[in-house]
Amino acid sequence: MTDIVKPSIQAFLVSDQVIEDSVTRKKSLIGLFTHLQAVSFPFQHQQMGLYFCLTDAEGAYQFDIELIYLNTEQLVCRATLPRIVIGDRLQISDFGINIPSLIFPAPGRYEFRLRMEGHLIAQKDFNVMLLSTHQTA
C-alpha cells in the first residue's frame, strides 16, 4: 500500500519527563509546561518528555521529531524513532519519549514538529524566556 493514511492526533504534549509503567503501560507526564525560564543562553535543559496519542493509522510507520527555533527557523535537533507498527485503524496508540540534554540557543518561541513518513502531522510550540534577575523585597 503506497497511500499513507494521515492519522488523527488526539494529543501532542511537552513535559519535563514521561514515565511509563512497566506493567500497565500507562504513561505519566511530569512537569507539563508552556514555557521554560533560563538564567542565561545558550541554555541546556537536562531532559524533555514528549507524549503523542493517535488513532486512524494502520501499518508500519517512521516517525521523526524536530525541534525548531521559530524566530530564525533554525533546526535545533532531530530524532528518528524506531519503526512503529500499528495493527488496526481503530486502535488508539500512545507514545512517550524522553530527549536528553537539549540546548536552546536564544530566548524565543520553539516548536516540536512530529512527522510521519516525512509528512507533518502535529506541532507543539512553547516559549523559552530569560529569567528576570530583579528580586522583590
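Just so it is clear, none of the values below were taken in a lab; they were calculated from the coordinates. Computed from a predicted structure; not experimentally measured. Please note: Cβ atoms are built from the backbone with ideal geometry, for glycine as well, and neighbour counts cover all protein chains shown.
Things worth noting here:
- Yes/no for LEU75 being surrounded by 12 or more Cβ atoms within 10 Å (Cβ to Cβ) and in contact with a Phe, Trp or Tyr (Cβ under 9 Å, 6 or more places away or on another chain): no
- Taking the criterion of being under 15 Å from CYS53 (Cβ atoms), in contact with a Cys (Cβ under 7 Å, 6 or more places away or on another chain) and aliphatic (A, V, I, L, M), the only residue of segment 75-105 that qualifies is ILE92.
- Flag for ARG89 being free of Cβ contacts under 8 Å to residues at least 60 places away in the same chain and charged (D, E, K, R): no
- Scan segment 40-61 for residues that are over 27 Å from GLY118 (Cα atoms) and more than 17 Å from the chain's Cα centre (by Cα) and the total you get is 4.
- Enumeration of residues in segment 21-34 that are surrounded by 11 or more Cβ atoms within 10 Å (Cβ to Cβ) and within 13 Å of the chain's Cα centre (by Cα): LEU29, LEU32, PHE33
- Answer residue from segment 86-111, given it is in a loop (DSSP other than H, G, I, E, B) and out of contact with any Pro (no Cβ under 7 Å at 6 or more places or on another chain) and is surrounded by the most Cβ atoms within 10 Å (Cβ to Cβ) among those: PRO107
- Residue check for GLN37: part of a strand (DSSP E or B), more than 16 Å from the chain's Cα centre (by Cα) and surrounded by 13 or more Cβ atoms within 10 Å (Cβ to Cβ): yes
- For PRO100, the stated conditions do not hold, so it cannot be described as touching a residue at least 24 places away in the same chain (Cβ under 8 Å) and more than 19 Å from VAL18 (Cβ to Cβ).
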